[in-house]
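**Q** I have a structure here, written as structure tokens, and I will follow up with some questions on it.
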Amino acid sequence: MSVGTAQAGVNGVVAGPREVVRRRRRTLLTFTVRWIYFLPAAVYLALFFGYPIVKNITMSFQHYTTATFYTGEAPWVGLSNYIAVIQSQVFGTTIVNTAIFTVGCIVGQFGLGLLLALFFKQRFPLNGLLRSLLLLPWLLPLIVSSAVWKWILDQDSGVLNEFLVGLHITPGPVSWLTSPSLALGSVILVCIWVGIPFNAVILYGGLQEIPTELYEAAALDGATGWKAFRHVTWPLLRPVTDVVLVLGVVYTLKVIDIILGLTDGGPANATQTIATRSYQLSFSLFDFGQGSAMGNVLLVVSLIFAVIYLRLSRRSSNV
Amino acid sequence: MMSRSRKTTRFVVVTAAALMLPSLLTACSSSGGSGGSSGGKVTLTEEDYFTADPDNTAYDDIMKRCGAKAGVTIKRTAVAPTSIIQKVLQQASAKTLPDILMLDNPTLQQVAAAGALQPLTDLGVSTSGYPKGILSTGTYKGKVYGLQPTAASIALFYNKDLFSAAGLQPPTTWDELKADAQKLTNGSTYGVAFSGGTQTEAPWQFLPFMWTNGGSETKIDSPQVVQALQYWTDLVDDGSASKGVVNWSQSDANSQFMAGKAAMQVNGAWNIPVLAKQPDLHYGVVPIPTPRAGQTVQLPLGGVVATAPRTKDTGNQKAVSKVVSCIVGDTTQLSLAKAENSVPAKTALLEKFGNDNPELKSFTEGSSGWRSRTAKLGDAWPKTEAALFQAIQAALSGKSSPSDALSSAAQSIK
């Protein structure tokens, strides 16, 4: 429509005044209709994403306590929530824990997920059944999985220790969740278990997209096994792996239920991350201002990865 | 191309939907509202966090009986225990608080500080006959905002069979507890179990040790508190208590005791029905041992407070007053204490209750001396509680010594 009107102008056909009015009316209508289509999405985004984020940001600059909920009074305190959060003893620990937790989870989930995806690409009996069983961790509510893992990892009567001690793999029971040096590792272990299905399924989908002719051609040139993976599979899977990794990071950064279920951030903050600390500040210490300041730290980190994700998806759609 | 009429229809639908969304949302949020009158009879709303039995059924009965007594209908809502505070805050900001609200006693200070509650004395609810601990738990800035129908605390449960097999008597002092625990530790059975694992339960279990030793929540790095934490840490370090205690809730400790994996446990009377499911288990209950012989253990006061939030509708105050008086009335105190294995709140009811319920006698004795956790710190208690929890965890897990753990905890709340 707009192309047609532009051409009319270019061709130098002089439009009569009535024609101009009609055209204007038509552009106005197009404009309105466009906005009307856009409006529901905009309202939805503003209500459910814009408002909470803006509220969270303003809260982080206020002295926001339980009283605020009733009276509505929340005095502005400038940056003091951020200063208190950053200067607290736990802040360093939470940052380091969040980094180790996220990197550990992602590396484990992605590595094992990719291996499983490659494995299931082979044809063998019961492939479909096993692949659907793999989804199991994804189908369980996280509270259930963490309660079960808490039993498995229990020091005195957990099945894992029974197994390890019974087979003399370890000299005595291991304090999976109760030792400050091991607890984070155990939580990462559970996080990896939870994340494998997501990684395996998406990567499996990506592998299916790679045409088999390429492998045949590569085999003729002598590229099989590892070489085929290195020069055919990996480069062609890149767009998928990028997305899986970035989404994985964003999902893992905000993990809270697994940690709360397994260790409640303990022992002695050994598994405290930015997300759990933000929850603790708000809902057990009732300092909602500091809680949202901590939440915003998480928001900024996630945002960086979200931007990377957008860049990557733009690049892959351009390919 | 789309015809004009279809375009218009779609325009109308989309606009209508967009306009309706906010009004739908407000409709949802305002439906919670407090009670009103319908068909002549007044309806009051009540909210608590008893989603599990025996309390769930007990509170259903109480609300029915108290509603009938006050001539009103009571609509009861039970919220999940973990989300009651969030729910109350949300209702406070939407001004949709219920007429009657049951809270875990240490959280009353927060809600009263928010200004969301009315003083019970203004409503004309009598506050006489209660021991000091219960009154101070319900008091914020000199006014009583909540009263408890019942009270709970903790004691030492011991396995009679294991004790008689070892030829031991239940301990009364710290030294005896430590020695007995060591002697009873054998194979997969530990001497003693307690809870060091959740933010509210670990400090609650630690308070009797810290208080009886002369420590105070106003100075958590004092030598007395350090000594008490050192005592707990020693129990774990010498193997008399599992290293797992650092991650155990009270119900985890009870499971260990029930399975015969701990010869003693620090826990409360609410476990009695659970323990009864194991008829082979013969256990006794004694007071928590004290640092020196002849001392009286100072126990923390637990329980639920009945409160009356400020609501928009002030026409039903008389009915609210009647219902609250009934919830904390003598009849309710006796029946509820029996149902949930706690003790009645009023001092005058204790003796009779103890005689009628011998299995709870060890709890009724001395229950009028149970101390409020929030008496000294008021709404600042959660911060100290969290700091104590961190120190307990750091010491029990061997991350730092009890004195380092407590001094860094004290530093964090300065």
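The values are calculated or read from the model by the stated rules, or taken from the named source; none is laboratory data. Remember, it's a predicted structure, so these values are computed and weren't measured experimentally. Using ideal geometry, Cβ is built from the backbone for each residue, glycine included, and neighbour counts are taken over all protein chains shown.
**Q** In the range B:396-408, what residues are closer than 15 Å to residue B:224 by Cα and at the interface with chain A (Cβ under 10 Å from one of its Cβ atoms)? Talk me through it step by step, then tell me what you get.
**A** Keep residues of the range B:396-408 that are closer than 15 Å to residue B:224 by Cα, which gives B:401-407.
Hit for the range B:396-408 is B:405, nothing else.
Conditions tested, residue by residue: (1) outside any helix (DSSP H, G or I); (2) within 14 Å of chain A (Cβ to nearest Cβ); (3) not aromatic (Phe, Trp, Tyr).
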| site | (1), (2), (3) |
| --- | --- |
| B:56 | no, no, yes |
| B:61 | no, no, yes |
| B:65 | no, no, yes |
| B:68 | no, no, yes |
| B:74 | yes, no, yes |
| B:82 | no, yes, yes |
| B:86 | no, yes, yes |
| B:91 | no, yes, yes |
| B:102 | yes, no, yes |
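**Q** Kindly indicate the residue of the range A:119-134 that is surrounded by fewer than 12 Cβ atoms within 10 Å (Cβ to Cβ) and assigned to a helix (DSSP H, G or I) and also farthest from the other protein chains (Cβ to nearest Cβ) among those meeting that condition.
**A** From the range A:119-134, those surrounded by fewer than 12 Cβ atoms within 10 Å (Cβ to Cβ) are A:122-126, A:128-129, A:132-133; that's our starting set.
Applying the additional criterion that residues be assigned to a helix (DSSP H, G or I) yields A:128-129, A:132-133.
Values: A:128: 39, A:129: 36, A:132: 32, A:133: 30 Å.
Filtering the range A:119-134 for residues that are surrounded by fewer than 12 Cβ atoms within 10 Å (Cβ to Cβ) and assigned to a helix (DSSP H, G or I), the one farthest from the other protein chains (Cβ to nearest Cβ) comes out as A:128.
**Q** Looking at (1) away from chain A (no Cβ under 13 Å); (2) at positive phi, which is the one condition that is false for residue B:128?
**A** Result: residue B:128 fails condition (2) only.
**Q** Let me ask you something else. Any residue in the range A:25-50 that is at the interface with another protein chain (Cβ under 9 Å from one of its Cβ atoms) and over 24 Å from residue A:303 (Cα atoms) sitting within a Cβ distance under 9 Å of a residue that is among the small types (Gly, Ala, Ser) and assigned to a helix (DSSP H, G or I)? List the pairs, counting only those 6 or more apart or interchain.
**A** As it stands, the answer is A:36/B:18; A:39/B:18; A:40/B:17; A:40/B:18, since those pairs meet every condition given.
**Q** Related question: Taking the range A:170-180 as the region of interest, how many residues are modelled with pLDDT of 90 or more and surrounded by fewer than 19 Cβ atoms within 10 Å (Cβ to Cβ)?
**A** Matching residues across the range A:170-180 total 0.
**Q** Moving on to the next point. Only one of A:45, A:116 is of a type outside the set (Val, Ile, Thr), assigned to a helix (DSSP H, G or I) and closer than 30 Å to residue A:237 by Cβ; which?
**A** Just one listed residue meets the conditions, A:116.
**Q** Can you pull out the residues in the range A:239-278 that are of a type in the set (Gly, Ala, Ser) and under 19 Å from residue B:246 (Cα atoms)? It would help to see each step written out before you state the result.
**A** First pass over the range A:239-278, keeping only residues of a type in the set (Gly, Ala, Ser): A:248, A:261, A:265-266, A:268, A:270, A:275, A:278.
If the condition is that a residue be of a type in the set (Gly, Ala, Ser) and under 19 Å from residue B:246 (Cα atoms), then A:261, A:265, A:266, A:268, A:270 are the ones that fit.
**Q** Does the range A:73-89 include one or more residues that are within 14 Å of another protein chain (Cβ to nearest Cβ) and more than 28 Å from the chain's Cα centre (by Cα)?
**A** Yes: one or more hits.
**Q** Give B:236, B:245 a once-over and let me know the one that is more than 29 Å from residue B:54 (Cβ to Cβ) and within 14 Å of another protein chain (Cβ to nearest Cβ). Working first, answer last.
**A** Details: B:245 fails: more than 29 Å from residue B:54 (Cβ to Cβ).
Of the residues listed, the single one that is more than 29 Å from residue B:54 (Cβ to Cβ) and within 14 Å of another protein chain (Cβ to nearest Cβ) is B:236.
**Q** When the residues of the range A:135-159 are narrowed to those that are closer than 13 Å to residue A:261 by Cβ and under 20 Å from the mean Cα position of the chain (by Cα), which ends up farthest from the other protein chains (Cβ to nearest Cβ)? Talk me through it step by step, then tell me what you get.
**A** Kept after step one, since they are closer than 13 Å to residue A:261 by Cβ, are these residues of the range A:135-159: A:140-153.
Narrowing further to those that are under 20 Å from the mean Cα position of the chain (by Cα): A:140-143, A:145-146.
On the way: A:140: 19, A:141: 14, A:142: 14, A:143: 10, A:145: 17, A:146: 12 Å.
Of everything passing the filter in the range A:135-159, A:140 is farthest from the other protein chains (Cβ to nearest Cβ).
**Q** Return a yes/no flag: does the range B:142-158 have any residue that is in contact (Cβ under 8 Å) with a residue 40 or more places away in the chain, within 23 Å of residue A:285 (Cα to Cα) and either more than 14 Å from chain A (Cβ to nearest Cβ) or among the basic types (Lys, Arg) (or both). Talk me through it step by step, then tell me what you get.
**A** Keep residues of the range B:142-158 that are in contact (Cβ under 8 Å) with a residue 40 or more places away in the chain, which gives B:145-158.
After this cut, where a residue has to be within 23 Å of residue A:285 (Cα to Cα) as well, the list is B:145-146.
Restricting the remaining residues to those that are either more than 14 Å from chain A (Cβ to nearest Cβ) or among the basic types (Lys, Arg) (or both) gives B:146.
Yes, there is a match, as at least one residue in the range B:142-158 is in contact (Cβ under 8 Å) with a residue 40 or more places away in the chain, within 23 Å of residue A:285 (Cα to Cα) and either more than 14 Å from chain A (Cβ to nearest Cβ) or among the basic types (Lys, Arg) (or both).
Yes or no, residue by residue, for (1) buried (at least 22 other Cβ atoms within 10 Å of the Cβ); (2) farther than 30 Å from residue B:202 by Cβ; (3) among the charged types (D, E, K, R):
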{"site": "B:297", "(1), (2), (3)": "no, no, no"}
{"site": "B:308", "(1), (2), (3)": "yes, yes, no"}
{"site": "B:311", "(1), (2), (3)": "yes, yes, no"}
{"site": "B:331", "(1), (2), (3)": "no, yes, no"}
{"site": "B:348", "(1), (2), (3)": "no, yes, no"}
{"site": "B:356", "(1), (2), (3)": "no, yes, yes"}
{"site": "B:359", "(1), (2), (3)": "no, no, yes"}
{"site": "B:363", "(1), (2), (3)": "yes, no, no"}
{"site": "B:371", "(1), (2), (3)": "no, no, yes"}
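**Q** Would you mind telling me which numbered condition in (1) farther than 25 Å from residue A:303 by Cβ; (2) touching a helix residue (DSSP H, G or I) at 6+ places or on another chain (Cβ under 7 Å) residue A:81 fails?
**A** (1)
**Q** Which ones in the range B:157-206 are more than 19 Å from the chain's Cα centre (by Cα) and β-branched (Val, Ile, Thr)? So that I can check it myself, show each step before the final result.
**A** Taking the range B:157-206 first, the residues more than 19 Å from the chain's Cα centre (by Cα) are B:157-193.
Correct list: B:172, B:173, B:185, B:189, B:192.
**Q** Could you list, in sequence order, the residues of the range B:66-80 that are surrounded by fewer than 15 Cβ atoms within 10 Å (Cβ to Cβ) and without any contact (Cβ under 8 Å) to a residue 40 or more places away in the chain?
**A** Passing the criteria: B:68, B:77, B:80.
**Q** Looking at residue B:388, is it in contact (Cβ under 8 Å) with a residue 40 or more places away in the chain, within 25 Å of residue A:184 (Cα to Cα), within 14 Å of chain A (Cβ to nearest Cβ) and touching an Asp or Glu at 6+ places or on another chain (Cβ under 7 Å)?
**A** Values: in contact (Cβ under 8 Å) with a residue 40 or more places away in the chain: yes; within 25 Å of residue A:184 (Cα to Cα): yes; within 14 Å of chain A (Cβ to nearest Cβ): yes; touching an Asp or Glu at 6+ places or on another chain (Cβ under 7 Å): no.
Taking the combined requirement at face value, the residue does not satisfy it.
**Q** Residue A:171 - would you say it is assigned to a loop (DSSP other than H, G, I, E, B) and within 14 Å of chain B (Cβ to nearest Cβ)? First the steps, then the outcome.
**A** Details: assigned to a loop (DSSP other than H, G, I, E, B): yes; within 14 Å of chain B (Cβ to nearest Cβ): no.
Here the answer is no, as residue A:171 does not meet what is asked.
**Q** Moving on to the next point. In this structure, does residue B:349 turn out to be part of a loop (DSSP other than H, G, I, E, B) and in contact with a helix residue (DSSP H, G or I) (Cβ under 9 Å, 6 or more places away or on another chain)? If you could, list the steps in order and put the result at the bottom.
**A** Values: part of a loop (DSSP other than H, G, I, E, B): no; in contact with a helix residue (DSSP H, G or I) (Cβ under 9 Å, 6 or more places away or on another chain): yes.
It is false that residue B:349 is part of a loop (DSSP other than H, G, I, E, B) and in contact with a helix residue (DSSP H, G or I) (Cβ under 9 Å, 6 or more places away or on another chain).
**Q** Residues in the range B:66-79: is at least one out of contact with any Cys (no Cβ under 9 Å at 6 or more places or on another chain), modelled with pLDDT of 50 or more and of a type in the set (D, E, K, R)?
**A** Checking the range B:66-79: at least one residue is out of contact with any Cys (no Cβ under 9 Å at 6 or more places or on another chain), modelled with pLDDT of 50 or more and of a type in the set (D, E, K, R).
**Q** Still on this model: Name the single residue that is farthest from the chain's Cα centre (by Cα) among those in the range B:80-125 being at pLDDT below 90 and on the phi > 0 side of the Ramachandran plot.
**A** Among residues in the range B:80-125 that are at pLDDT below 90 and on the phi > 0 side of the Ramachandran plot, the one farthest from the chain's Cα centre (by Cα) is B:95.
**Q** Another one. Residues of the range A:61-113 being among the acidic types (Asp, Glu) and either assigned to a helix (DSSP H, G or I) or within 24 Å of residue A:200 (Cα to Cα) (or both), which ones? Give the derivation first.
**A** Just the residues of the range A:61-113 that are among the acidic types (Asp, Glu), to begin with: A:73.
Answer for the range A:61-113, where residues must be among the acidic types (Asp, Glu) and either assigned to a helix (DSSP H, G or I) or within 24 Å of residue A:200 (Cα to Cα) (or both): there is none.
**Q** For the structure I just gave you, tell me whether residue B:393 is in a helix (DSSP H, G or I), surrounded by 24 or more Cβ atoms within 10 Å (Cβ to Cβ), touching a helix residue (DSSP H, G or I) at 6+ places or on another chain (Cβ under 8 Å) and modelled with pLDDT under 95.
**A** On the way: in a helix (DSSP H, G or I): yes; surrounded by 24 or more Cβ atoms within 10 Å (Cβ to Cβ): yes; touching a helix residue (DSSP H, G or I) at 6+ places or on another chain (Cβ under 8 Å): yes; modelled with pLDDT under 95: yes.
The answer is yes for residue B:393.
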